[in-house]
Amino acid sequence: MPDNKTAMKLAHLTGAKGIWAVCLLALLLVGCDKGPSSGGAGGGGGDVIKVGEYASLTGKEATFGISSHEGTLLAVEELNAAGGVLGKQIKLMTEDTQSKPGEPATVVNKLISRDGAVAILGEVASSRSLEAAPICQQNKIPMISPSSTNPKVTETGDYIFRVCFIDPFQGTVMANFASHTLKAKKVAIFTDAKSDYSKGLAKFFKDKFTANGGTISSELDYNGGDKDFKAQLTTIRASSPDAVFVPGYYTDVALICIQAKQLGLDVPLLGGDGWESEKLTEIGKEAVEGNYFSTHYHPDVGSDMSKKFLASYQKRFNGKLPDALAANGYDSMMLLADAIKRAGGTDATKLRDAIAATKDLTLVTGSITINAKRDADKSAVILQIKDGGYKFLQSIQP
Ligand code: PHE
């Protein structure tokens, strides 16, 4: 970095006229010095471990990214307060995907090339994880998705992992719930054609529900972000289903529940983890009451670690109740920290192998073992919407 003395010397050499040019040059050089390499080569050197996170902090699925980030941040703060990992502090670098396609690739490229992240945490929505996973794979930077459940995410390659269950399991859980608990014989399916998550979960639900002897009364699509679902809901109503499976995200689902009620479609609506948001009940109010969905976690169930997490999360975030995304976000960071310790550092191959070798690691959402497909076999919970909150009904083992 050019110091004042050097600048003065240069000014002396170039004469008074050149002094402004030299000052400008010095400023530019100082600015450059704050560049990506300041933490040491590859982000693992120096005294910090650089972890990149990409999440939908704004936009249509903002509550997903905010909750997931809060859980991740809490884990980082706890790790750092306890002395860091291998004696180094974790530096969490967070980028917003704005809930938009195109952004995940941009921000993850930035996190890797400009910021020197040694590992990437994210995303929640499967379509966005699917967009950034190939970039992590090509750069050989391990990526851990906290909450993406579409099977294709980890099929991208051997650097891509997740800490949650996958949709063939989640679809089975809800199909069995429809067949055995609700005793439904005919179910309609209403899918977001723009979402890999929604299309996958719809298919896995259908496979299991029909294998149980049930029939699909009608199958319709919408595009995430639509505001008017009445045409499709009218067709669904005409097929007289006992229940409707809507594997979508909360903003659309809340409107679908409202419009279904308006049309007199008075059967239970069922969904998956994409329903989970405080916004679902805020927007949907009484129209979402009584409906059911599956997800990863509920604060009422769980281990000592889960109780400890509930208390520290509420303390840190002004009494807010943690949701599944917060719990999975926390677990993704804790799993990464455990793997860095076992790898003895952040060398990419060693870190990848250490994540893959994770076995019986007790975390907030349960005991995590990374299986041969780089997924986690974990239990799911079924919740019912009651009095503006979520009531725990069942826990289902894989
Ligand atoms: N599983 C969803 C997906 O893959 C994301 C999600 C997880 C949403 C958990 C809410 C809660 O797209």
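The values are calculated or read from the model by the stated rules, or taken from the named source; none is laboratory data. Just so it is clear, the structure is predicted and the values come from calculations on it, not from any experiment. Counting neighbours? That spans all protein chains shown, and the Cβs are built from the backbone with ideal geometry, glycine included. Just the protein is used for accessible areas: all its heavy atoms, side chains included, with ligands, DNA and RNA removed. Shrake-Rupley method; radii C 1.70, N 1.55, O 1.52, S 1.80 Å.
Structural remarks
- FRET efficiency estimate (nearest 0.05) - Cβ-Cβ, Thr215 to Gln384, R0 25 angstrom: 0.55
- Taking the average, over residues, of other Cβ atoms within 10 Å as the packing measure, peptides 91-100, 143-152, 226-235, 359-368 rank 143-152, 91-100, 359-368, 226-235 from highest down.
- The stretch between Leu86 and Ser239, if pulled fully straight at 0.36 nm per residue, gains 49.1 nm over its current Cα-Cα span.
- Ratio Rg/Rh [Cα only; Rh per Kirkwood] for the stretch 168-295: 0.92
- Amide proton proximity set for Phe245, modelled H, under 5 Å, gap of 5+: Ala188, Ile189, Phe190, Leu270
- Compared with the dominant Cα axis of the chain, that is its longest principal axis, helix 4-14 is turned about 60°.
- 5 angstrom amide H check on Lys185, placed H, neighbours 5+ away: Asp242
- Accessible area in square angstrom per residue, the stretch 168-295, 1.4 angstrom probe: 37
- Between 0 and 90°, nearest 10: helix 304-316 axis offset from the chain longest Cα axis: 60
- The amide H of Ile49, built 1.01 Å from its N in the peptide plane, has Gln89, Ile90, Lys91 as neighbours under 5 Å, considering only residues 5 or more places off or on other chains.
- Mean residue ellipticity (222 nm) of the chain, computed from DSSP H runs ≥ 4 via -39,500 (n - 2.57), nearest 500: -13000 deg cm²/dmol
- Gain in span if fully extended, Glu289 to Met305, counting 0.36 nm per residue against the direct Cα distance: 2.7 nm
- For the chain, the Kirkwood hydrodynamic radius from C-alpha pairs, put into Stokes-Einstein at 37 °C and a viscosity of 0.692 mPa s, yields a diffusion coefficient of 147 µm² per second.
- When peptides 53-61, 77-85 are ranked by their average number of other Cβ atoms within 10 Å per residue, the highest-first order is 53-61, 77-85.
- Highest average packing first - 245-257, 164-176, Cβ atoms within 10 Å: 245-257, 164-176
- The chain: angle of helix 19-33 to the longest principal axis, Cα-based, in degrees nearest 10: 50
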